[in-house]
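Just below is one structure, and these are the notes that go with it.
Computed from the coordinates by the stated procedures, all read-outs in this text should not be read as laboratory data. If you're wondering where the values come from, they're calculated on a predicted model, not measured in any experiment. Please note: Cβ atoms are built from the backbone with ideal geometry, for glycine as well, and neighbour counts cover all protein chains shown.
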Amino acid sequence: TQRTFSIIKPDATKRNLTGKINAVIEDAGLRIIAQRRIHMTEAQAKRFYEVHKERPFYGELVETMTSAPVVVQVLEGDNAVARYREVMGATNPEQAAEGTIRKLFALNVGENSVHGSDSLENAAIEIAQFFSEADIA
Ligand code: ATP
Ligand code: MG
């Protein structure tokens, strides 16, 4: 069993989609073992997306992620990192498969409703940025 880190992004919280997205996550066999709603600061968003700081959309990404509250989550399950990537669908919702979160709910590549860790190593790093072990059950 693995843990992965998820964010329900501002475009989704603004449209009141937290419950619907959580239902897709749970129906896929992933367990939400920690969850908190926060309004990310610019510093938090910059740190979180540091790997993308040279990409042309970095400024826009930080702005979008701080535009409204997000829900940060820890998900647990068999093969959770890859499984959640599968459940999220492609980064660009136009390329996302039927039934995926991004196909169902995302607006465009910048407002694509969810984040999920891309490796087990990054999952641990990302979880530690928002949760302490005492928050996770
Ligand atoms: P995430 O890291 O959010 O789970 P991802 O791994 O599918 O998504 P990345 O390549 O890591 O995609 O990009 C991080 C985020 O940056 C994307 O989720 C998206 O919101 C935003 N992004 C990626 N490419 C673009 C783009 N061309 N224009 C605007 N925003 C983009
Ligand atoms: Mg990514």
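For ILE125 and ILE33, calculate 0.36 nm times their separation in residues minus their Cα-Cα distance, and state this gained length in nm to one decimal. Provide the component values of the computation, followed by the final result.
Details: separation 92, 0.36 × 92 = 33.12 nm, distance 1.67 nm.
The span from ILE125 to ILE33 would gain 31.5 nm if fully extended.
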- Could you give the length gained on full extension between ASP135 and GLU42, defined as 0.36 nm per residue of separation minus the Cα-Cα distance, in nm? 31.2 nm
- Tensor-based shape of the range 43-94 (alpha-carbon gyration tensor, a/c under 1.5 rounded, otherwise prolate or oblate): prolate
- Task: Whole Å is fine, so just give me how far the alpha carbon centre of the range 1-47 lies from that of the range 92-126.
- Result: 11
- Could you work out the helix-only [θ] at 222 nm for the chain, with each DSSP H run of four or more residues adding -39,500 (n - 2.57) and the total divided by the number of residues, to the nearest 500 deg cm²/dmol? -10500 deg cm²/dmol
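Does the chain classify as rounded, prolate or oblate by the C-alpha gyration tensor (a ≥ b ≥ c root eigenvalues; a/c under 1.5 gives rounded; else a/b over b/c gives prolate, otherwise oblate)?
Numbers: a/c = 1.39, a/b = 1.08, b/c = 1.29.
Because its axes are fairly even, with a/c under 1.5, the chain counts as rounded.
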- Query: Quick one: if you stick a label point 7 Å off each Cα along the C-beta vector at ASN79 and SER67, how many nm between them?
  - Reply: 3.5
